[in-house]
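Working notes for the structure below.
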Amino acid sequence: MRGLRTPLSIGVLICSVMSIGVGVAGAQSASPDAEETVTFTVGVTGDLNSANPFRQIDTTESFLTTLMYDGILRLGQEDYATEPELLESWETSEDGLTWTFVLRDDITWSDGEPITADDFVWTAEFIMDNDISSWSDGYRFTKNIEAVDERTIVWTTTRTTLVPGLPGYSLILPEHIWGTMTPKEIRNFRNFPDTVASGPFHLVEWEPGEFWRLEARDDYYQGQPQIDEIVFRVYNSPESVVQALIKGEIDHTVVPSAGLFERLQAEDPDEIGTAVTSAEAFHQLSFNVVDDPSSTAHPAVLDAVVREAVSWALDKQTMVDRVMRGYAVPGTTPIVPLYDFWHWEPPAEEAVGFDPAEANRMLDEAGYLDTDDDGVREMPGGGESLDWRLFLATTDSDGIKAAPFVQGWLRDIGIETSIRSMTDSKLYDQWYGFDWDLIVYSWGVGPDPDFILSSFTSGQCGYWSDTCYSNPEYDRLYKEQQVTLDPDERQAIVVEMQQMLYRDLPEIVLWYPNSFEAWRADRWEGFLPWPEPDGVVFWGNPYSVLNARPIVDAPTSAEADSGLPAVIWIGGAALVVGAIAGVVLMRRRRDEHYAA
Amino acid sequence: MGEWRYVGRKLLQAGVTLLFIISVNFFLFRIMPSDPVRLLTRQRGVQLSPEAQAALTHDLGLDRSLPSQFVKYLADTLRLDFGDSFIYPGQSVVSVFARFLWPTVLLVGTATVLMIVIGLYLGIRGGWKRGRPLDVGSMGFSLLFYSMPDFWLAMILLIVFSTALGWFPSGGFESPSSDLSGFSRVLDIANHMFLPVLTLTLGYIGEYFLLMRSSLLDVLGEDYITTVRAKGVREDRVLWRHAVRNALLPTISVIALSFGLVLGGAITIELVFSYPGLGLLLLQAVDSQDFLLMQALFLFASVAVLASNLVADLVYSWIDPRVREA
């Protein structure tokens, strides 16, 4: 009898303890919230590394910066036109050397302190003094930045330049928080918890590897967002983030590949909204053209004729169709076609198309002949064969798909390549060590052409330059466009620079990829593409963040996340306990039976 | 007396191995081809001035002689000070490790217990009634899952039970809302853990099943079993008292090793289910060459294996006194 009672009563005890727990839990969730929190959940495939704007690495961090910090100027939602954000007014002097910015009088940090001209000056000086490369571009030619009073900033430059008027670069951090630290402390500053922000949201919770959560401010000068909180959830694979969207655990995600995007398109469009957004990036094939004794580049890649022949040999349209499944545009110059004012598209008679015969003819003519008949050309006059290394990053899935195509087309013109993919950091090692021939990589490009054009100037070798291309005439034009305030004149120079790059080909622009976004169309409305009509829907888009609103009575991501109801867990647990009790019971009884 | 000598010898061996691991860990990361300073600063478009590089070299202690670096490393290791993580700037390696430790221990630990208990039980039952439906069924079932790639099984379970049926969340450690507490939080964590645990358990039952089954079959063929049976001891007792006890011995070291490997995480499972565990952290660390973090992860993982082996040795000697004499 003793053996009979014990296990059963334990089972009963466990079950009753569990039901007390459920009762409590039920009571908790039943207690009505004063008002429902409106949560927008974004699925991401990369973790947040830092909330410190000086440590931002990719768009995950820069989106956080966008949400937390407003700039003095911004790019308008419809057409990227420059417009004031934290400013009430701004003007340029006749000579273009003095800029006066007046801050609004109703702007505050999320801790209630006013945003002042001193904050701006402190941030600018910190960036310039410490040469924070991700931000210092916005302060070139600065002679002095001064706070004239609480709200007025006077920015003088050494030469006529547009730089102070370029939105997107300027950052303002609260001096009363950041100004109390040493530069080293600032570099290691987590900026969490107690993040003090100027933008509509501030970071309140962050679990590395899991999620981070931002809450809307209720005192935001542009009006309170209709989203109360934005949660970024980390998913470890592209596959699972797509599953999470279909299931409804998240409200939005950037879709990393065309294959997954097409699968989402097959879902009911009333549930899952999808958008192909215009390219603000390009993929390129770079040549190591550096003039440096430590370079290990194959001599043939230094020859512009060879590079042009390579360009004739590549079928960009096929790459767009086969690698990008049609979600891209064949590439020409580093300024993407979306910025049509600046982009130069080569006219038909100047365009380098797909013509292997022409490529072979050029190489023959230049003396690169296959003298030993092994299918691979040698340097003029015999000698080293044209056997190149093609490097790319393991994270670059499109590049990895494209590389075999490139290899095949180069083989058709008698150039052998060996493909090697490696981690980003290893790739940078090779890259900055000038230890490579070809690299396939990509760039994201902003609306103003200055930055991407600067990456081809000789001064950027070892910094932003992919190829260490060096052309004094190009450098001269670059400086000239920087001080040309008239848009049409500047456009003419920018076009000339693109023509130069298209002719010298330090890198071949392969394609402009589209981006994919998908979201729960059954729950949310009010997204504002930036710019109209095919710009980004939500990712990094402050206008959609402020304007997105829930469709009334739609289910939320939190509900989809709940999983199995408690009852099933309790039932399951009771079943297991019961089974164990049963087995033990039977054994005991049998023991008793035998013992008897 | 001999007992304590044995324990002492084992502890000493473990201590020496630990010292060896710590030293290897030190030299391993110093013979890596990449320059750590370069690794910490590399980024597209960023190059440090020579002065800044020198300052960083000094900060990392890399300008000192190798022996003095080693002494400093030993002291730091003893204090569990592994420096700051590169992928999470401003956070110490130990705090990052602690952050990802708990989910992994919970996930892989639970699954390991389950796969061992179920696998051993089925192995015992199968071996005892060889060729019967339970044996054949267990064999087919466990081998089927054992031979499946675990990420594939994970994907199928995810699509069926999460996306299609909606019973379980598609990933993560818990729901990203801060208002859960007490029992509802436990439930939430269990909900998130169910599919990954199921995948791991199903996938590895076979290992323990086969091991236990063959070990039991060996023992059942021994003469003493025949003797016990001839004495008229009832079958149940023959199995549990006489056969299983001895058949369990070879499984102990395998079991101990499995627990030691918990700290390695389950990379593929953690990937598919977006589970924030150590396997994933290691993957991230390797991917971005966060060598301070890698160093700590390697060290902790090896220490865990070492510790569980020590436990196995001690348990073994306790169960089977013959070991002590050997």
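Miscellaneous remarks
- Some residue of the range A:232-241 being surrounded by fewer than 20 Cβ atoms within 10 Å (Cβ to Cβ), more than 30 Å from B:Pro103 (Cβ to Cβ) and in contact (Cβ under 8 Å) with a residue 24 or more places away in the chain: no
- Condition met for B:Ser162 (buried (at least 20 other Cβ atoms within 10 Å of the Cβ), over 23 Å from the mean Cα position of the chain (by Cα) and within 13 Å of another protein chain (Cβ to nearest Cβ)): yes
- Pick from the range A:372-410, criterion assigned to a loop (DSSP other than H, G, I, E, B) and among the hydroxyl-bearing types (Ser, Thr, Tyr), ranking: surrounded by the most Cβ atoms within 10 Å (Cβ to Cβ): A:Thr394
- Matching residues in the range A:316-325 - criterion: being surrounded by fewer than 20 Cβ atoms within 10 Å (Cβ to Cβ), touching a residue at least 60 places away in the same chain (Cβ under 8 Å) and out of contact with any Gly (no Cβ under 9 Å at 6 or more places or on another chain): A:Thr318, A:Arg322
Per-residue answers, yes or no, for (1) of a type in the set (Asp, Glu); (2) out of contact with any strand residue (DSSP E or B) (no Cβ under 6 Å at 6 or more places or on another chain); (3) within 13 Å of chain B (Cβ to nearest Cβ):
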| residue | (1), (2), (3) |
| --- | --- |
| A:Leu392 | no, no, no |
| A:Asp398 | yes, yes, no |
| A:Gln407 | no, no, no |
| A:Leu410 | no, no, no |
| A:Ile415 | no, yes, no |
| A:Ile419 | no, no, no |
| A:Asp435 | yes, yes, yes |
| A:Gly446 | no, yes, no |
| A:Gly462 | no, yes, yes |
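- Residues located in the range B:271-300, provided they are part of a helix (DSSP H, G or I), touching a residue at least 40 places away in the same chain (Cβ under 8 Å) and over 15 Å from the mean Cα position of the chain (by Cα): B:Leu271, B:Val272, B:Gln284, B:Ala285, B:Phe291, B:Leu292, B:Leu293, B:Met294, B:Gln295, B:Ala296
- Filtering the range A:124-163 to residues that are touching a residue at least 24 places away in the same chain (Cβ under 8 Å), among the aliphatic types (A, V, I, L, M) and in a helix (DSSP H, G or I) leaves A:Ala124, A:Ile127, A:Val163.
- Criterion (under 25 Å from A:Ile452 (Cα atoms), in contact with a Ser or Thr (Cβ under 9 Å, 6 or more places away or on another chain) and not in a loop (DSSP other than H, G, I, E, B)) met by exactly one of A:Ser311, A:Ser286: A:Ser286
- For the range A:191-233, the tally of residues that are within 9 Å of chain B (Cβ to nearest Cβ) and in contact with a helix residue (DSSP H, G or I) (Cβ under 9 Å, 6 or more places away or on another chain) stands at 9.
- From the options A:Pro330, A:Pro337, residue that is within 28 Å of A:Ser421 (Cβ to Cβ), crowded, with 17+ Cβ neighbours inside 10 Å and in contact with a strand residue (DSSP E or B) (Cβ under 8 Å, 6 or more places away or on another chain): A:Pro330
- Any hit, the range A:480-487, residues being among the β-branched types (Val, Ile, Thr) and under 22 Å from the mean Cα position of the chain (by Cα): no
- Positions within the range A:340-371 being of a type in the set (A, V, I, L, M), part of a loop (DSSP other than H, G, I, E, B) and loosely packed, with under 13 Cβ neighbours inside 10 Å, in sequence order: A:Ala348, A:Ala351
- When A:Glu78, A:Glu61, A:Glu88 are screened for being of a type in the set (Asp, Glu) and assigned to a strand (DSSP E or B), only A:Glu88 passes.
- Any hit, the range A:50-60, residues being touching a Phe, Trp or Tyr at 6+ places or on another chain (Cβ under 6 Å) and within 14 Å of chain B (Cβ to nearest Cβ): yes
Values quoted throughout were computed directly from the atomic coordinates according to the rules given, and no laboratory measurement underlies them. Keep in mind that what you see is a predicted model, and the values were worked out from it rather than measured. Note that each Cβ is placed from the backbone with ideal geometry, even for glycine, and that neighbours are counted across all protein chains shown.
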